[in-house]
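Here the structure is laid out as structure tokens; the discussion comes afterwards.
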Amino acid sequence: MTEFNPSRRKFIQTTAVTSGVAIVAKLAPEAEAKSVLKPQQATQPAKVNILLRVNGSEHQIMIDPRTTLLDALRERLYLTGTKKGCDQGQCGACTVIVDGRRITSCLTLAVMQEGHDITTIEGLGTPTNLHLMQAAFIKHDGYQCGFCTPGQICSAVAMLDEIKAGIPSHVTTNLNKRPEMTNIEFRERMSGNICRCGAYSNIQEAIAEVAGVRT
Amino acid sequence: MIGFTYKRATSVAEAAAIAAHTNDSKFIAGGTNLLDLMKLQVETPTYLIDINDLGLDKIQPTTDGGLRIGALVRNTDLAANEIVRRDYAVLSRALLAGASAQLRNQATTSGNLLQRTRCPYFYDTNMPCNKREPGSGCSAIGGYSRQHAIVGVSDSCIATHPSDMAISMRVLDATVETVRPNGSTRTIPIAELHRLPGNTPHIEHTLETGELITAVILPKPVGGIHIYRKVRDRASYAFALISVAAIVQRDGTGRVAVGGVAHKPWRVEEAERNMHRGAKALTAGVLANARTTPDNAFKVLLVERTIGSVLNEAKV
């Protein structure tokens, strides 16, 4: 694969250049504020060679140990389905499934995930062979801008597995009984995925359909 | 994030030894708080010791009827454990009230105990913070302090400990088992693990440099009704304004710990003698000598009413 060069980034760069002086002046105070951060270490750490297993394929890559799993997926393996929203574990857009469990890929290092099975949205389904959850999101219009959608779908798929495995939630009434497939449970369990377009009710309908629950 | 050397430790002894002999090293487990802080350069370790492969992820009964929780047990697995759900329900409830499902899948037992405050000024490297830069001042005092502590505070710091899990472990009288860099082990009652800020808010716990938590031990179950009530700005995925962990026995006696009010899980055992006298009397003892700001003064009444609601629920 050649140089990764997404068109949106190019667009933003071009816009910044052509917009000229006004923007530069505006950015100056921010740049000054950032200078209080400690300077980067003079010597960069040695890169490490790691083997990542993603969607059933193995990838040997040399990376800076600081690389999050999210950045490794997007910038090194070009799996850009996984999105970077807040980069601090608050929005859920970067949700991927590791060893069957959903996690935020921005809050783990790629080096820490060597030896684990990583599934991204690209591994759940393809345009010609959609995962049931992907098809349900389309049917129920479970998105508007679509940025949170890959995270929502990975999260929803793993969430249903968590209920099946008997993992309780904050809204589970009786801790000593198996949790049920209900909309109340889905809503609580999906709270780690934020949708700023507010497609929540449609997302819930998509999940309910896959779970076989009437809304 | 500044550069660091990454090392996957293969034994507890190796992890503790590396930590003892390496300046600016940090253990990393789930990473959900540490990596966040490293990105902001609030934490700047130059050596990361990954402790995920140490086999500390088991939950086992102890010989005296208690439970030994490995330090690396994920929050999800601890909350879902059958024995915890049955005999230590307040712990399950507290865990499930915290963070999001994704974070609970990553976060570990010991990491949860040692997570840092979510005081916004601690995170903002442009602002003075005695916890981040000792001696630089406290921006929360006189600043935006709605989330901040009301008991055990000092003139240096009014940050809270953000954990829900730790509040329930305090009410369960848990102890923390550790290995020191010289290989010796010790146990620390959870009441003595976290420190009040005093004039050294940057020192948050009583662990030595390089000392590694290996497990949390719960004593034999005490029965009773277990309740964890968290009051927050939204119904899910938010830190507590205040929380109440309670174990109430049939005769009206019991234990109570409060979260979101102090630099450590807050419990006043002597005050629990007043449990049968109701929320007002109990809260007066629990929050004695409270020192509030105009932003967080509401927490005193909120604790009293939440304790009242919890005691009511326990009667039903």
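The values are calculated or read from the model by the stated rules, or taken from the named source; none is laboratory data. Because the structure is a prediction, the values reported are computed rather than measured. Heads up, the Cβs are rebuilt from the backbone with ideal geometry, glycines too, and the neighbour counts pull from every protein chain shown.
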Residue ID - farthest from B:Q41 (Cα to Cα), chosen from residues in the stretch A:62-103 that are over 16 Å from the mean Cα position of the chain (by Cα) and free of Cβ contacts under 8 Å to residues at least 40 places away in the same chain: A:M62
So A:I207, is it within 21 Å of the chain's Cα centre (by Cα), among the β-branched types (V, I, T) and farther than 30 Å from B:A89 by Cα: no
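Tell me the residue from B:A71, B:A89 that is under 18 Å from the mean Cα position of the chain (by Cα) and within 10 Å of chain A (Cβ to nearest Cβ), please. Don't jump to the end; show me each part of the working.
Working: B:A71 fails: within 10 Å of chain A (Cβ to nearest Cβ).
Among B:A71, B:A89, only B:A89 is under 18 Å from the mean Cα position of the chain (by Cα) and within 10 Å of chain A (Cβ to nearest Cβ).
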Tally, over the stretch B:106-146, of residues that are crowded, with 17+ Cβ neighbours inside 10 Å and either charged (D, E, K, R) or closer than 20 Å to B:R170 by Cα (or both): 13
Answer residue from the stretch B:189-203, given it is farther than 16 Å from B:T178 by Cα and touching a His at 6+ places or on another chain (Cβ under 7 Å) and is surrounded by the most Cβ atoms within 10 Å (Cβ to Cβ) among those: B:P197
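Name the residue, out of B:V171, B:V153, that is surrounded by 24 or more Cβ atoms within 10 Å (Cβ to Cβ), among the β-branched types (V, I, T), at pLDDT 95 or above and closer than 26 Å to B:D57 by Cβ.
Working: B:V153 fails: closer than 26 Å to B:D57 by Cβ.
Step by step, each of B:V171, B:V153 is checked, and only B:V171 is surrounded by 24 or more Cβ atoms within 10 Å (Cβ to Cβ), among the β-branched types (V, I, T), at pLDDT 95 or above and closer than 26 Å to B:D57 by Cβ.
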First in the stretch B:198-217 and assigned to a loop (DSSP other than H, G, I, E, B), second anywhere and of a type in the set (V, I, T), Cβ under 6 Å, 6 or more apart: B:E211/B:T178
Restricting the stretch A:135-159 to residues that are in a helix (DSSP H, G or I) and more than 14 Å from chain B (Cβ to nearest Cβ), the residue that is farthest from A:C197 (Cα to Cα): A:A135
Residue satisfying all of: in the stretch A:53-69; crowded, with 20+ Cβ neighbours inside 10 Å and in a strand (DSSP E or B); nearest to the other protein chains (Cβ to nearest Cβ) among these: A:T68
Where B:G285 falls short, out of the listed (1) in contact with a Pro (Cβ under 9 Å, 6 or more places away or on another chain); (2) assigned to a helix (DSSP H, G or I): (1)
Residue match in the stretch A:181-193 (condition: in contact with a Lys or Arg (Cβ under 9 Å, 6 or more places away or on another chain), without any contact (Cβ under 8 Å) to a residue 12 or more places away in the chain and under 30 Å from B:R229 (Cβ atoms)): yes
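Taking the stretch B:17-59 only, how many residues are charged (D, E, K, R), farther than 21 Å from B:A71 by Cα and touching a helix residue (DSSP H, G or I) at 6+ places or on another chain (Cβ under 7 Å)?
From the stretch B:17-59, those charged (D, E, K, R) are B:24, B:26, B:36, B:39, B:43, B:50, B:53, B:57-58; that's our starting set.
Subsequent filtering for residues that are farther than 21 Å from B:A71 by Cα retains B:24, B:39, B:43.
With touching a helix residue (DSSP H, G or I) at 6+ places or on another chain (Cβ under 7 Å) added as a condition, the list becomes B:43.
Residues in the stretch B:17-59 being charged (D, E, K, R), farther than 21 Å from B:A71 by Cα and touching a helix residue (DSSP H, G or I) at 6+ places or on another chain (Cβ under 7 Å): 1 in total.
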Test for A:E75: is it more than 13 Å from chain B (Cβ to nearest Cβ), under 13 Å from A:C154 (Cβ atoms), surrounded by fewer than 24 Cβ atoms within 10 Å (Cβ to Cβ) and acidic (D, E): no
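Of these, B:D53, B:D77, which one is surrounded by fewer than 20 Cβ atoms within 10 Å (Cβ to Cβ), at the interface with chain A (Cβ under 10 Å from one of its Cβ atoms) and either free of Cβ contacts under 8 Å to residues at least 24 places away in the same chain or closer than 18 Å to B:A29 by Cβ (or both)? Quick ask: steps written out before the conclusion?
On the way: B:D77 fails: surrounded by fewer than 20 Cβ atoms within 10 Å (Cβ to Cβ).
Going through B:D53, B:D77 in turn, the sole match is B:D53.
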Breaking point among (1) over 20 Å from B:R93 (Cα atoms); (2) in a loop (DSSP other than H, G, I, E, B), for B:T187: (2)
Among the candidates B:G135, B:G111, residue that is in a helix (DSSP H, G or I) and within 30 Å of B:G198 (Cβ to Cβ): B:G111
Near pairs, Cβ below 8 angstrom, 6+ apart or cross-chain, from the stretch B:240-254 (surrounded by 21 or more Cβ atoms within 10 Å (Cβ to Cβ)) to any residue that is β-branched (V, I, T) and in a loop (DSSP other than H, G, I, E, B): B:I242/B:V261; B:I247/B:V222
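Quick test for you: out of B:R118, B:R186, pick the one residue that is of a type in the set (K, R) and either under 30 Å from B:T62 (Cβ atoms) or at pLDDT below 95 (or both). Give the steps one after another, and end with the answer.
Values: B:R118 fails: either under 30 Å from B:T62 (Cβ atoms) or at pLDDT below 95 (or both).
None of the other options fit; the residue is B:R186.
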Selection from the stretch A:111-142 of residues that are closer than 16 Å to A:I207 by Cβ and either basic (K, R) or in contact (Cβ under 8 Å) with a residue 40 or more places away in the chain (or both): A:I121, A:L132, A:M133, A:A136, A:F137, A:K139, A:H140, A:D141, A:G142
Unique match (being in contact with a helix residue (DSSP H, G or I) (Cβ under 9 Å, 6 or more places away or on another chain), more than 20 Å from A:G89 (Cα to Cα) and not in a helix (DSSP H, G or I)) among A:G192, A:G166: A:G166
The stretch B:21-64: number of residues that are modelled with pLDDT under 95 and closer than 22 Å to B:A101 by Cβ: 0
Residue list for the stretch B:1-24, restricted to those being surrounded by fewer than 16 Cβ atoms within 10 Å (Cβ to Cβ), under 14 Å from B:D53 (Cα atoms) and away from chain A (no Cβ under 14 Å): B:S11, B:A13, B:E14
